[in-house]
Amino acid sequence: NWNPVYDGANTAGRSQVSTQGKFGTFNNTLGDWMLRIGGIAGGVFTDVAVGDLYNDVNAEGPSFNLLPGGEIQLSQVVQNVGTAAVAAYTVDVLVNGPGGSQVYAEELVGLNLAVDGVQTLTTTSTFLCTQAGEYLCRSILNVTSDENADNDTTWLRFFAGGNDRVYRYDDNGDADSYVGFNTGSGWALRFTPVEYPAKLTSIRVNVGLNGTGDFRVYAMDEATGLPAGNPLWSATPPVIAGWNDIAVTGNINFFDGQEFAIAYLFQTGVTMGYDNDPPNAASNAEMGVTTFQVGNNGGQFFEDDGGNLCMQAYIDTSSAIPPLPVIATSQDTMDFGTLNPNDGSSATISLWVYNEGGVDPLSVTGMVINPPAIRSAYTLSQTTFSVAAGDSEEVLVTFDPVTHRAYNGLLAINNNSNNNAAYGVILRGTGDSTVSVNEIDLPLPQEYALLQNFPNPFNPQTQINFSLPASSEVRLTVVNMLGQEVALLAQGRLSAGTFSATFDGANLPSGLYFYRLDAGNFTSTRKMMLMK
């Protein structure tokens, strides 16, 4: 229903035309569109434009919907579309909360914006959306001698609140215009619940005429970012001009991050309502795609930035159990504590893997520990298995450190779950052969000293004595020929005196080793030989 004036005179085929927008083929036509383009030819002028204004919710990225209490930071994209560089400019960021009262304001400063340059300014502070409802953000650009004020203001609308409410992008008023489509084509809106499980119970749409509507609900494909597959629900109810509430029958439930789209297909001459007032969620690329063109009777979807459709979704809380497998574990961190790598000690903890889905089995296809450098210290009783819906499987994780070091990493559980295909469990463990040192009853020494071990050579134990003339921070270590630390014999503050530590090399190969004492500013290293 968009009709530019067309000069149909018999001229050369300079123009191209399509009868179905993105869904038709472009063909040469004899004639010219009656279009005029104006601008400034040459000269120097200043024109800075504000682009997308977007939020960052809880430092996890942009969202049009969030739970109350979410922490918000705002960013504004700015572009120099003039022909003169701009040394400085400011952007006032203002936020009105539910009820219209101002809840946040900050002035952002931009510097040295080159011609065609793009900068993103981010607020230095955050604010909490403590109250449920609509938050309307506005950015106002201020720059000296700016010749075009039409591009100096931009908007963002987002909402705080759990489920059991209407999700929307429009201003909830009457439609500002109505748009028709080719038969079998239309538009769709994407919706993302803030809580799961979530149930779609009704949709609310604004149409321009009385008649029959054609409404459908599609699941979003995570890989393509488009609605996909057969409709989860469809209906062709009678509608009247204005707003209509349409019940969604059946159990249309969504789980753990699933999104959906509501589509309207033009079949009967009933036009779709549009909210033309800013902000336009569909044109805000930084906030993610919200709107899609639909063609071929629901067989094609394309991203679109046309505007805010007057189409809303009522999303309720749900107690439904997802049919797809859902992975969970008995703990998200396994802490094995500190073990002595020299005495053969180990620790084993049970990790239970649950399938909280309702029908399909959970298939674990592999369990991998990263980084690779710590894998030798951990043993898994099994790495592939299947868990029936509602059931669990035990995996024994054994920690057996081979040297003195931290063995912190991540156990990745690769699986076919609907919620997390690379589920992670944190691993923590330390190999530490620290032993308590014994003080020897001798007169207080006059100087620092590290004595030769006895016996030497030894098998497998030897005694190492050292002296401290004053209270000191002490570290007594043993390293191999490669400089790798194999034992920590003492660490911490000791009082003045003479001390003895025992080193046990039962789990080490024969060879030459070095032991080192660090005490205050004193450092000394000696050799010893382990012979088995």
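The values are calculated or read from the model by the stated rules, or taken from the named source; none is laboratory data. Note that the structure is a prediction, hence the values are computed from the model and not measured. Every residue, glycine among them, receives a Cβ derived from its backbone with ideal geometry; neighbour counts consider all protein chains shown. Surface accessibility is based on the protein's heavy atoms, side chains included, excluding ligands, DNA and RNA. Shrake-Rupley method; radii C 1.70, N 1.55, O 1.52, S 1.80 Å.
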Within the stretch 79-93, work out how many residues are buried (at least 16 other Cβ atoms within 10 Å of the Cβ) and outside any loop (DSSP other than H, G, I, E, B). 6
Which members of the stretch 139-186 meet the condition of being closer than 22 Å to Pro62 by Cβ and hydrophobic (A, V, I, L, M, F, W, C)? Ile140, Leu141, Trp155, Leu156, Phe158, Phe159, Ala160, Val166
Filtered residues of the stretch 507-532 (kept if part of a loop (DSSP other than H, G, I, E, B) and open to solvent by 50 Å² or more (accessible area, probe 1.4 Å)): Asn507, Pro509, Ser510, Gly520, Asn521, Met531, Lys532
Can you tell me which residues in the stretch 236-260 are open to solvent by 30 Å² or more (accessible area, probe 1.4 Å) and of a type outside the set (D, E, K, R)? Thr236, Pro238, Ile240, Ala241, Trp243, Ala247, Thr249, Gly250, Asn251, Asn253, Gly257, Gln258
Taking the stretch 261-289 only, how many residues are within 28 Å of Pro323 (Cβ to Cβ), open to solvent by less than 30 Å² (accessible area, probe 1.4 Å) and assigned to a loop (DSSP other than H, G, I, E, B)? 1
So which of Phe260, Phe191, Phe255, Phe266 ends up being out of contact with any Cys (no Cβ under 7 Å at 6 or more places or on another chain), in contact (Cβ under 8 Å) with a residue 24 or more places away in the chain, aromatic (Phe, Trp, Tyr) and farther than 25 Å from Val57 by Cβ? Phe266
Given the conditions (1) touching a helix residue (DSSP H, G or I) at 6+ places or on another chain (Cβ under 7 Å); (2) closer than 28 Å to Gly161 by Cβ; (3) of a type in the set (Phe, Trp, Tyr), which single one is not true for Phe302? (2)
Show me the strands (runs of 3 or more DSSP E) entirely contained within the stretch 290-354 in which 2 or more residues are under 29 Å from the mean Cα position of the chain (by Cα) and modelled with pLDDT of 90 or more. 291-295, 311-317, 327-329, 333-339
Considering only the stretch 61-72, how many residues are crowded, with 17+ Cβ neighbours inside 10 Å and part of a strand (DSSP E or B)? 4
Tell me which of these Asp221 doesn't satisfy, since it passes every other one: (1) touching a Gly at 6+ places or on another chain (Cβ under 9 Å); (2) over 21 Å from Asn253 (Cα atoms). (2)
What number of residues within the stretch 474-490 are in contact (Cβ under 8 Å) with a residue 12 or more places away in the chain, open to solvent by 60 Å² or more (accessible area, probe 1.4 Å) and within 44 Å of the chain's Cα centre (by Cα)? 2
Would you please list the contacts, defined by Cβ atoms under 7 Å and residues six or more apart or on different chains, that run from a residue in the stretch 491-512 that is farther than 14 Å from Asn480 by Cα to a residue that is of a type in the set (Lys, Arg)? Gln491/Arg475
Any residue at all in the stretch 381-401 that's within 30 Å of Phe254 (Cα to Cα) and out of contact with any strand residue (DSSP E or B) (no Cβ under 7 Å at 6 or more places or on another chain)? no
Filter the stretch 294-323 for residues that are open to solvent by less than 30 Å² (accessible area, probe 1.4 Å) and without any contact (Cβ under 8 Å) to a residue 60 or more places away in the chain and give the result. Gly307
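Taking the criterion of being within 18 Å of Gly298 (Cα to Cα), touching a residue at least 24 places away in the same chain (Cβ under 8 Å), not in a strand (DSSP E or B) and not small (Gly, Ala, Ser), would at least one residue in the stretch 206-216 satisfy it?
So far as the stretch 206-216 goes, yes, one or more of its residues are within 18 Å of Gly298 (Cα to Cα), touching a residue at least 24 places away in the same chain (Cβ under 8 Å), not in a strand (DSSP E or B) and not small (Gly, Ala, Ser).
Are any residues in the stretch 97-128 open to solvent by 60 Å² or more (accessible area, probe 1.4 Å) and touching a residue at least 24 places away in the same chain (Cβ under 8 Å), and if so, which ones?
Restricting attention to the stretch 97-128, the residues satisfying the condition of being open to solvent by 60 Å² or more (accessible area, probe 1.4 Å) are 99, 101-103, 107, 109, 111-112, 115-116, 118, 120, 122, 124, 126, 128.
Listed by number, the residues that qualify are Gly99, Val103, Leu111, Asn112, Val115, Asp116, Val118, Thr120, Thr122, Thr126, Leu128.
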Leu232 versus (1) open to solvent by 50 Å² or more (accessible area, probe 1.4 Å); (2) closer than 30 Å to Gly357 by Cβ; (3) in a loop (DSSP other than H, G, I, E, B): which is the lone unmet condition? (3)
Across the stretch 491-506, the tally of residues that are polar (S, T, N, Q) and open to solvent by 60 Å² or more (accessible area, probe 1.4 Å) stands at 2
Complete set of residues in the stretch 98-137 that are assigned to a strand (DSSP E or B) and of a type outside the set (A, V, I, L, M, F, W, C): Gln102, Tyr104, Glu106, Glu107, Gly110, Asn112, Gln119, Thr120, Thr122, Gly133, Glu134, Tyr135
Flag if Trp187 is buried (at least 18 other Cβ atoms within 10 Å of the Cβ) and either of a type outside the set (Asp, Glu) or within 24 Å of the chain's Cα centre (by Cα) (or both): yes
